[in-house]
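Comments concern the structure below.
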Amino acid sequence: MNRTTAEIRLDVLAANLRALRAALAPETAVLMVVKADAYGHGADAVVRCAAAEGVGGFAVAYVGEALEARAAAPGAEILLLGVAGPEDVPLLLERRITPVLVDVEQGRALGAAAQRAGRALPVHVKLDTGMGRLGLDWTAAAEAGAALRREPGLDLRGVCTHFATVRPGPGDPALVQGARFREAVAALEAQAGRRLVRHASNSRALLFHPAFDFDAVRPGILLYGYEARDPAGRVHTRPILEWRAEIVQVRRVPAGFPVGYESTHVTPAPTTLAILAAGYADGYPRALGNRAAVVIRGRRCPVAGRVSMNWIAVDLGPDAKERAGDEAVLIGGADGAAVRADELAAQAGTIPYEILTGIRPAHRRWTGGASLRDPA
Ligand SMILES: *Cc1c(COP(=O)(O)O)cnc(C)c1O
């Protein structure tokens, strides 16, 4: 086959969800973030599994992702974090997808489209309290509440914000954002004349600031098993994805043997090289050349030389027994010899989110999930 495979462990996802649930108050809802194909884990299977575990809502970036989540979880709340246009409104109404408004002008446009469709569109409002990205400025919350209240096509249901930085300890910028959010929500609700569903926390805020749980939390990465190792955090989870590649050639080579483009690695001693069928075209970052390790038969073996488009070389050591056709683990492995996406991220100068969403396995398998056998 010569192509990489990802295995996604739905039983571990279920365990991660239970760990989260145990840390939250029973009345706090979970809006699981499944954008970017569930962070590269496969949105359909992930949403089905999470819905079977009792997750009541999912958040996505794009309309297409929202439709996929809706198909996988017919009864769940689906929140569209991206910016919907009036042309999307009939579909949003029909599929019960709740868009997040980023300004009043967008709200008016969606409201008008909903009126043309003869129904009121449920919406949440996104307040920018310091992220400096999408949303309307928190200082304009009252004004926005008054304006949106006058839109008969809108059914204002919720309000949210997003944290830029969570740095537990004195001077944590999240505390400033949280205080702004509280103040702005009060003003917005007063003008809108109703109590709104409030949600703010991503994984990191959730881990360190229970006070910001509000009505719902929006975790992503921690449910996929990353960024949740800090002992001070409220939840501990495990990675659910394993990524494997095939060894396509094994070579005995002498000392002084140059490996790969630019010969950036030269063997210091006689050794055995394994050539793996995986490269940057598969999402294994080129920056990992001469840096990362892979796990082969329970041993960590260093990547030797540059990562090329479809191949990487790893040093198996002089006494290797591996043969072509054996498997190498690019991400995963057992405790004694594991490679994690956050380790690769550090080596490549990025974050685990980018590693996970960047991998492009030819084959994906979802295992350990009862929910796959009874699609809703
Ligand atoms: C991606 C995203 C999240 C989830 O962030 P994690 O760090 O993965 O928990 C939450 N809210 C919004 C608005 C997002 O864009």
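In percent, what relative contact order does the chain have, based on Cα pairs under 8 Å that are 6 or more apart in sequence?
The normalised contact order for the chain reaches 18 percent.
Taking label positions 7 Å along the Cα-Cβ direction at both Arg297 and Gln249, the computed distance is 2.1 nm, reported to one decimal. If I compute solvent accessible area with a 1.4 Å probe over the protein chains, what percent of it on the chain is carbon and sulfur? After summing per-atom areas, the C and S share lands at 51 percent. Counting only DSSP beta bridges with both residues in the chain, the antiparallel share comes to about 50 percent.
Between Asp11 and Met309, residue separation times 0.36 nm minus the direct Cα-Cα distance comes to 104.0 nm. When all alpha carbon pairs of the chain are counted in 10 Å bins from zero, the resulting P(r) reads 5, 22, 27, 21, 14, 8, 3, 1 %.
Accessible area per residue for the stretch 104-190 is 45 Å², calculated with a 1.4 Å probe on protein heavy atoms, without ligands, DNA or RNA. Rg and Dmax of the stretch 256-376, both derived from C-alpha coordinates alone, stand at 15.7, 59 Å. Counted residue by residue at 0.36 nm each, then reduced by the alpha carbon distance between them, the extension gain from Arg286 to Ala190 reaches 29.3 nm. A crude spin-label estimate for the pair Arg21 and Ala232, with each label 7 Å from Cα along the Cβ direction, gives 3.0 nm. Applying the criteria of a DSSP loop state and at most 16 other Cβ atoms within 10 Å to the trypsin sites (Lys or Arg not before Pro) of the stretch 250-304 yields Arg291, Arg297.
The values are calculated or read from the model by the stated rules, or taken from the named source; none is laboratory data. Just so it is clear, the structure is predicted and the values come from calculations on it, not from any experiment. Methodologically, a virtual Cβ is constructed for each residue, glycine included, from the backbone with ideal geometry; neighbour enumeration extends over all protein chains shown. SASA here: full protein model, heavy atoms, side chains in, ligands and nucleic acids out. Shrake-Rupley method; radii C 1.70, N 1.55, O 1.52, S 1.80 Å.
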